[in-house]
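Enquirer: The structure follows.
We did not get these values from a lab; they are worked out from the coordinates using the rules stated. As the structure is a computational prediction, the values presented were derived from the model and not from experiment. When we count neighbours, we look across all protein chains shown, and the Cβ atoms used for this are built from the backbone with ideal geometry, even at glycine.
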Amino acid sequence: MTGTSQEPAPARELVLSLRGISKQFGAVSALTDIDLDVHAGEVVALVGDNGAGKSTLVKVLAGVHQPTSGTITFKGEPVTLSDPATALSLGIATVFQDLALCENLDVVANIFLGKELSPMRLDEVSMEIKAWKLLNELSARIPSVREPIASLSGGQRQTVAIARSLLLDPKLIMLDEPTAALGVAQTAEVLDLIERVRERGLGVIMISHNMEDVRAVADRIVVLRLGKNNGIFLPDASNQELVSAITGAENNSVSRRASRRAQAQESQP
Amino acid sequence: MTDKVTQNAPQPQLLDRADVRVKHAEGLGGTISAFFDRVRSGDLGSLPVIVGLAIIWTVFQSLNPVFLSANNLVNLLFDCSTVGVIALGIVCILMLGEIDLSVGSVSGFASALVGVLWVNQGWPVGFAIVTAMAAGAVIGSVYALLLNRFGMPSFVSTLAGLLAVLGLQLYLLGSTGSINLPYESPLVNFGQLMVMPAWVSYGLAAIAGIGIFWTGYREATRRREAGLSAQSMAGIVARAVVIVVVLEAIVFYLNSSRGIPWMFGLFVGLVVAMNYALKRTQWGRSMHAVGGNREAARRAGINVRYIYTTAFMLCSTLAATGGILAAARLASSSQQAGTGDVNLNAIAAAVIGGTSLFGGRGSAYSALLGIIVIQSIASGLTLLDLSSSLRYMITGAVLAIAVIVDSLARRSRVSHGRA
Ligand SMILES: Nc1ncnc2c1ncn2[C@@H]1O[C@H](COP(=O)(O)OP(=O)(O)O)[C@@H](O)[C@H]1O
Ligand SMILES: [Mg+2]
C-alpha cells in the first residue's frame, strides 16, 4: 500500500530529512516511524484524516514536542529541536493550526513577537512598516495593525500568523491547515504565496484537507494514516488513490459515495 | 518579499489608512469620541481609579476639611511610597497572571536585615541595603525555580514563602523584637524628612512635560516620514501643556507645605522606569505575551522561564526595597514590619490601579494610582478618628469593587473583541 512512490529527481539540496520519528503521548502513539524528506524549492503536502498525526509531526519539527525516537537532519546536520527557539533560529518557521497568537497584543506585536527590532528601545515605526509590507504581500484585509488580535476574524488571524512566519526569512516553512479559515481570494493569495516561497528556494510543508489546493501547489503528497507513513504520491495521482491511502481502504465511504453517484447517473436515460 | 519598501511615494493614502471600514479619530473631537468608544468597549485604562479617587477625596474632604490640606497630602505621599514600591513589583507578577503573597514578609525581612546588619553588626548602611535587596532577589529566584522546575503554582510557593520568610524575620530580630534605627542617619532622614527643594520639584515637573512632548513629537515625525498616520502637532502640544500645568499646580500646592518628599520622587522614578521597561523594551513585550498566552509566547521563541525568573526576582527585590523604605519611615525594624495589611494593600493597590488579575494587561502607573487610593482611605479614616476595623472593611470593599470592574471590563472587552 505504498501508492506510486516514484520521487521527482531530487536535484536540489535536501533541506529536511526525518528518519524513524515516533512520538508517544502516554499510551497513544501519535507518530510511528515517520520518514519524510523535504528539498529546497519543494512543496510537500502532508495529508491524512483527522487524528492522523499531521499536527503532531509539525509540532515536533517546530520544537514544541520532542520526538520519542528518530533522527531529524536539517541541511545535512543532525539536529535536536529542544524548544521552539531552537527551531526558529535554525530557520524553521511554523504556522500552527491553532495559530498561537497573543490575543492581548496588537498585530505588529504579534508578528514581531520574540524578534522585536532594537530590544532596549522598541522601534515601533519600523516594525509597523514591515508589518504592513508583509500583510500587503498577502493581500490581507486587516483594518488596523494597532488593534489587539482579539478584534480580528479567523481569516485575518490566519493571515497574521502566516505573515509572522515569513518575517525571519526561514529555510523551511510549515503551514498547518493555512487555508481552513480563509475566503476564496485569500486562499488563492496563500497558494500564490506558497509558490513564490518555493521559487525562492525554500522548503514548504503544507497540511490541507482540500485536495484541489494540495494538487494545485504540491510537488509531492505524503500521506499519513494513524501516525504512520501511508504512501507518497505525485499531484497527478487520482482522487481514488489518494482517498484510499488516506482512509486506508479501497472500499470506503468516499468511494462508495462516488460509485453510488455514478450508478445513479447511469440509470438515468 | 525581497522587493524594497515603496514608502514615501506620493501616495494619496497613508499606509495604515487604506481600509475604509475603520473609523479614525481626526482632530481633537475625534480623539475625545475615540476615548469614549474605547471606554465603552471595556478598555478602561486608568479611568475607574481616577473616578474612584475623585469620589473618595470629595467624601473625606466634606467630612474633614484638613484632608486635602497640603500638609496632609505631603504626609500621604510619604506613606504611599513604601507600599507603593512593593505594589510596583506586584504589577509585574500580576502581568504574568501569577501572584506573590509573600511581599509583606519579604519587606519585613529586608527591614530586619538592614537593622541587624547596620545597627547591630555595624556594617555601612549602603552595604546593608544592597544585601537586603539581594536577599529579596534570591527569594524571588526560589519561587521562579519552584515554578519553572516543579510546576509549583506561585499561589502555593509564595504562601509557603510568607510563613518561612516571616520566620526568618523573627529569627533575625531575636528576643529584643525590634531595632531602632538612628534618628540622625541619612536613611531615616530620607524616610521622614527629606523633601525636594522647590526649584527641583518645579524643574522635574517641567522636565516630565518636555519629555512627553519630545517623545510624542519624535514619534509623530518618524511616523509621518514613514507614511504612517500620526498624531497632530496640536494634540501633542496640548497634551504636554495640560500635563505640565496640572503637575506644576500640584507641585505648587504641595510646596506651600513641606514640599515633595524625595522618597516619593524615588517611587515615581521607579514607576516611570518600570513603565518604560514594560512598554518599550523586548522584555516588557515578552511579559505581556507570557501573561496573555504562555504557550503562544513559548512558540514564538520567548524564553518563558527567563521571563518568570526576572518577574519574580524583580517583585521580591522591590518588596525588599519597600521594606527598607518602611523601616526608614518608622525609624525601626520590628517584628511587626511587613505584617498585617502590607501584603494585601500592595496587591490591592495594583488591582485597584487597573492591573488585571487575569494576566497580560496592566501598567506601572496602576501601582501609583492604586496606592494613592488606599492611602487616601487610610488617611481619611485616621483623620476622622475611626478605628482600623473600619479601614480594613472599606479597603476590602474598594478592592472588591476594583475586581468587579476588572471582571466586567474583561467581559465587555471579550464581547467587543478586545480581550
Ligand atoms: N498534546 C497531546 N497529548 C496527548 N495526545 C495528543 C496530543 N496532541 C495530539 N495527540 C493525539 O495525537 C493524535 C494525532 O493528533 P494530531 O497530530 O493533532 O492529528 P491531525 O493534525 O492529523 O488531525 C491524536 O490521536 C491526538 O489525540
Ligand atoms: Mg491537525
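Enquirer: Enter the per residue convex hull volume of segment A:13-80, computed from alpha-carbon coordinates, in Å³ rounded to the nearest integer.
Expert: Working: hull volume 5.3 nm³, N = 68.
Enclosed volume per residue, from the Cα hull, is 79 Å³.
Enquirer: Report, in debye and to the nearest 20, how large the dipole of segment A:69-153 comes out about its Cα centre when Lys and Arg carry +1 and Asp and Glu carry -1 on their Cβ. Walk me through the numbers on the way to the answer.
Expert: Working: 7 positive and 11 negative charges, 45 e Å.
Using Cβ point charges on Lys, Arg, Asp and Glu, segment A:69-153 gives about 220 debye.
Enquirer: Something else about it: Mind giving me the FRET efficiency for B:Val156 and B:Phe36? R0 is 35 Å, r the Cβ-Cβ distance, nearest 0.05 is fine.
Expert: Numbers: r = 43 Å, r/R0 = 1.21.
Calculated value: 0.25.
Enquirer: In Å and from the alpha-carbon atoms only, list the Rg and Dmax of segment A:103-161.
Expert: 10.9, 33
Enquirer: State the volume of the convex hull built on the alpha-carbon positions of segment A:32-113, expressed per residue in Å³ and rounded to an integer. Mind dumping the intermediate values first?
Expert: On the way: hull volume 10.5 nm³, N = 82.
Dividing the Cα hull volume of segment A:32-113 by its residue count gives 128 Å³.
Enquirer: Rounded to the nearest 0.05, what FRET efficiency do A:His209 and A:Ser153 give with R0 = 22 Å and r taken as the Cβ-Cβ distance? Could you check?
Expert: Values: r = 20 Å, r/R0 = 0.92.
Given R0 = 22 Å and the Cβ-Cβ separation, E is 0.60.
Enquirer: In addition: Dividing the Cα radius of gyration by the Kirkwood radius, what Rg/Rh value follows for chain B? The partial results should precede the final answer.
Expert: Numbers: Rg = 23.0 Å, Rh = 23.1 Å.
For chain B, the value is 1.00.
Enquirer: Round to the nearest 0.05 the FRET efficiency obtained for B:Trp123 and B:Ser389 when R0 = 35 Å and r is the Cβ-Cβ distance. All intermediate terms of the calculation are to be shown ahead of the outcome.
Expert: Numbers: r = 40 Å, r/R0 = 1.15.
For R0 = 35 Å, the calculated efficiency reads 0.30.
Enquirer: Work the Kirkwood hydrodynamic radius out for segment B:122-220: mean of 1/r over every pair of different alpha-carbon atoms, inverted, in Å.
Expert: Here the Kirkwood hydrodynamic radius works out to 18.2 Å.
Enquirer: Find the Rg to Rh ratio for segment A:86-216, where Rh is the Kirkwood radius over alpha-carbon pairs and Rg uses the same atoms. Could the numbers behind the result be given before it?
Expert: On the way: Rg = 14.2 Å, Rh = 14.9 Å.
Rounded to two decimals, Rg over Rh is 0.95.
Enquirer: Let me ask something else. In the Gaussian network model of chain B, springs joining C-alpha atoms below 10 Å, which of B:Thr339, B:Thr355, B:Thr221 carries the largest mean-square fluctuation?
Expert: Top of the fluctuation ranking is B:Thr221.
Enquirer: May I ask for the longest run of chain B untouched by trypsin sites (Lys or Arg not before Pro) that are loop-located per DSSP and have at most 15 neighbouring C-beta atoms (other than their own) within 10 Å?
Expert: B:24-419
Enquirer: Rounded to the nearest 20 debye, what is the charge dipole size of chain A about its Cα centre when +1 sits on each Lys and Arg Cβ and -1 on each Asp and Glu Cβ? Don't skip to the end; give the middle numbers.
Expert: Working: 26 positive and 32 negative charges, 65 e Å.
Result for chain A is approximately 320 debye, rounded to the nearest 20.
Enquirer: Net charge around B:Leu162, counting only other residues with Cβ within less than 14 Å of its Cβ (Lys, Arg = +1; Asp, Glu = -1)? Numbers along the way, then the final one.
Expert: Working: positive: none; negative: B:Asp100, B:Asp341.
Local net charge: -2.
Enquirer: Also, quick follow-up: Dipole of the protein assembly as shown, Cα-centred, from +1 at each Lys and Arg C-beta and -1 at each Asp and Glu C-beta, to the nearest 20 debye?
Expert: 500
Enquirer: Continuing with this model, one more query. Taking only the alpha-carbon atoms of segment B:250-314, what semi-axes of the equivalent ellipsoid follow from 5 times the gyration tensor eigenvalues under a square root, in whole Å, largest first?
Expert: Numbers: eigenvalues 270, 24, 11 Å².
With the √(5λ) rule applied to segment B:250-314, the semi-axes are 37, 11, 8 Å.
Enquirer: So for chain B, taking the charge dipole from beta-carbon charges (+1 Lys/Arg, -1 Asp/Glu), which of B:Thr355, B:Val246, B:Leu173 sits furthest toward the positive end?
Expert: B:Thr355
Enquirer: Could you tell me how many degrees, from 0 to 90 and to the nearest 10, lie between the Cα long axis of helix B:125-150 and the main elongation axis, the longest principal axis, of the Cα atoms of chain B?
Expert: So the inclination is approximately 60 degrees.
Enquirer: Next question. Segment B:341-372 to segment B:250-324: how many Å between their Cα centroids?
Expert: Computed from Cα coordinates, the inter-centre distance equals 12 Å.
Enquirer: If you don't mind, there's one more thing I want to ask. For every other residue with a beta carbon closer than 13 angstrom to the beta carbon of A:Glu124, add +1 if it is Lys or Arg and -1 if Asp or Glu, then tell me the sum. Mind dumping the intermediate values first?
Expert: Numbers: positive: A:Arg121, A:Lys130, A:Arg146, B:Arg218, B:Arg222, B:Arg223, B:Lys279, B:Arg280, B:Arg285; negative: A:Asp106, A:Glu116, A:Asp123, A:Glu128, B:Asp16, B:Glu219.
Its environment carries a net charge of +3.
Enquirer: If you don't mind, there's one more thing I want to ask. Just to check I understand the Karplus step: with θ = phi - 60° and J = 6.51 cos²θ - 1.76 cosθ + 1.60, what whole-Hz values come out for segment B:239-246, glycine and proline as x?
Expert: 4, 4, 5, 4, 5, 4, 4, 4
Enquirer: Still on this model: Count the DSSP beta bridges whose two residues both fall in chain A, then state the antiparallel fraction as a percent rounded to the nearest 5. Numbers along the way, then the final one.
Expert: On the way: 21 of 38 bridges.
Antiparallel bridges make up about 55 percent of those DSSP assigns within chain A.
Enquirer: Where Rh denotes the Kirkwood radius from the mean inverse Cα pair distance, what is Rg over Rh for segment B:270-366? All intermediate terms of the calculation are to be shown ahead of the outcome.
Expert: Details: Rg = 15.4 Å, Rh = 14.9 Å.
Ratio of gyration radius to Kirkwood radius for segment B:270-366: 1.04.
Enquirer: With N set to the number of residues, divide the alpha-carbon radius of gyration of segment B:82-164 by 2.2 N^0.38 Å and report two decimals.
Expert: Values: Rg = 13.8 Å, N = 83, 2.2 N^0.38 = 11.8 Å.
In units of the 2.2 N^0.38 Å rule of thumb, it is 1.17.
Enquirer: More than 21 angstrom separation, counting every C-alpha pair in segment B:175-272; what % is that?
Expert: On the way: 2465 of 4753 pairs.
For segment B:175-272, the share of Cα pairs beyond 21 Å comes to 52 percent.
Enquirer: I'm checking a number: the convex hull volume of the Cα atoms of the protein assembly as shown, normalised per residue, in Å³. What is it? Before the final figure, lay out each step's value.
Expert: Details: hull volume 141.7 nm³, N = 688.
In the protein assembly as shown, the Cα hull volume divided by residue count equals 206 Å³.
Enquirer: Express the Stokes-Einstein translational diffusion coefficient of segment B:171-232 in µm² s⁻¹, to the nearest whole number, given a Kirkwood radius over alpha-carbon pairs, 4 °C and a viscosity of 1.567 mPa s. Walk me through the numbers on the way to the answer.
Expert: Details: Rh = 16.4 Å.
Here the translational diffusion coefficient equals 79 µm²/s.
Enquirer: Roughly what % of DSSP beta bridges within the protein assembly as shown run antiparallel, to the nearest 5? It would help to have the intermediate numbers written out before the result.
Expert: Values: 25 of 42 bridges.
Among the beta bridges of the protein assembly as shown, antiparallel pairing accounts for roughly 60 percent.
Enquirer: Roughly what would the spin-label model give for A:Asp98 and B:Trp199, points 7 Å off Cα along C-beta, in nm?
Expert: So the label points at A:Asp98 and B:Trp199 sit 6.2 nm apart.
Enquirer: Would you compute, from DSSP H runs of 4+ residues alone, the mean residue ellipticity of the protein assembly as shown at 222 nm, taking -39500 (n - 2.57) per run and dividing by the full residue count, rounded to the nearest 500? Numbers along the way, then the final one.
Expert: Values: 25 runs with 388 residues, N = 688.
So the calculated ellipticity at 222 nm is -18500 deg cm²/dmol.
Enquirer: Relative contact order for chain B using alpha-carbon pairs under 8 Å, separation at least 6, rounded to a whole percent?
Expert: 34
Enquirer: For segment B:51-130, report the % of Cα-Cα distances exceeding 17 Å. If you can, show how the numbers build up before the last one.
Expert: Working: 2096 of 3160 pairs.
Taking all Cα-Cα pairs of segment B:51-130, the fraction more than 17 Å apart is 66 percent.
Enquirer: Right, another one. If we count every other residue with Cβ under 13 angstrom of B:Phe78's Cβ, Lys/Arg +1 and Asp/Glu -1, where does the sum land?
Expert: On the way: positive: B:Arg258, B:Arg329; negative: B:Asp79.
Here the charged neighbours net out to +1.
Enquirer: Sticking with this structure for a sec: Distance in nm between label sites at A:Asp35 and B:Ala134, each 7 Å beyond Cα in the beta-carbon direction?
Expert: 5.9
Enquirer: If I build a Gaussian network model for chain B, linking alpha-carbon pairs within less than 10 angstrom, which residue out of B:Thr82, B:Thr310, B:Thr58 has the largest mean-square fluctuation?
Expert: Its mean-square fluctuation being the largest, the pick is B:Thr58.
Enquirer: Treating each Cα of chain A as an identical point scatterer and ignoring solvent, apply the Debye formula and state log10 I(q)/I(0) at q = 0.07, 0.10, 0.17 Å⁻¹.
Expert: Per q value, in the given order, log10 I(q)/I(0) is -0.27, -0.54, -1.36.
Enquirer: In a Debye calculation with equal point scatterers on the alpha-carbon sites of segment B:352-419 and no solvent, what is log10 I(q)/I(0) at q = 0.29 Å⁻¹?
Expert: Result of the Debye calculation: -1.22.
Enquirer: Sticking with this structure for a sec: With the dipole of segment B:139-261 worked out from charges on the C-beta (+1 for Lys and Arg, -1 for Asp and Glu) around the Cα centre, which of B:Leu228, B:Ile210, B:Ser185 lies farthest toward the positive end?
Expert: Going by the charge dipole, the pick is B:Leu228.
Enquirer: Compute the helix-to-body angle for A:253-267: its Cα long axis versus the longest principal axis of chain A, expressed 0 to 90° and rounded to tens.
Expert: Its long axis makes an angle of about 60 degrees.
Enquirer: Hey, how many Å between the Cα centroid of segment A:174-239 and the Cα centroid of segment B:34-99?
Expert: Between the Cα centres of segment A:174-239 and segment B:34-99 lies a distance of 55 Å.
Enquirer: What is the angle, in °, between the Cα long axis of helix A:184-199 and the longest principal axis of the Cα atoms in chain A? Nearest 10 is fine, range 0 to 90.
Expert: On a 0 to 90 degree scale, this one is about 80.
Enquirer: Can you compute 3J(HN,Hα) from phi for each residue in segment B:251-261, using the Karplus curve 6.51 cos²θ - 1.76 cosθ + 1.60 with θ = phi - 60°, rounded to whole Hz and x for Gly and Pro?
Expert: Those phi angles translate into 4, 4, 5, 5, 5, 6, 9, 6, x, 7, x Hz.
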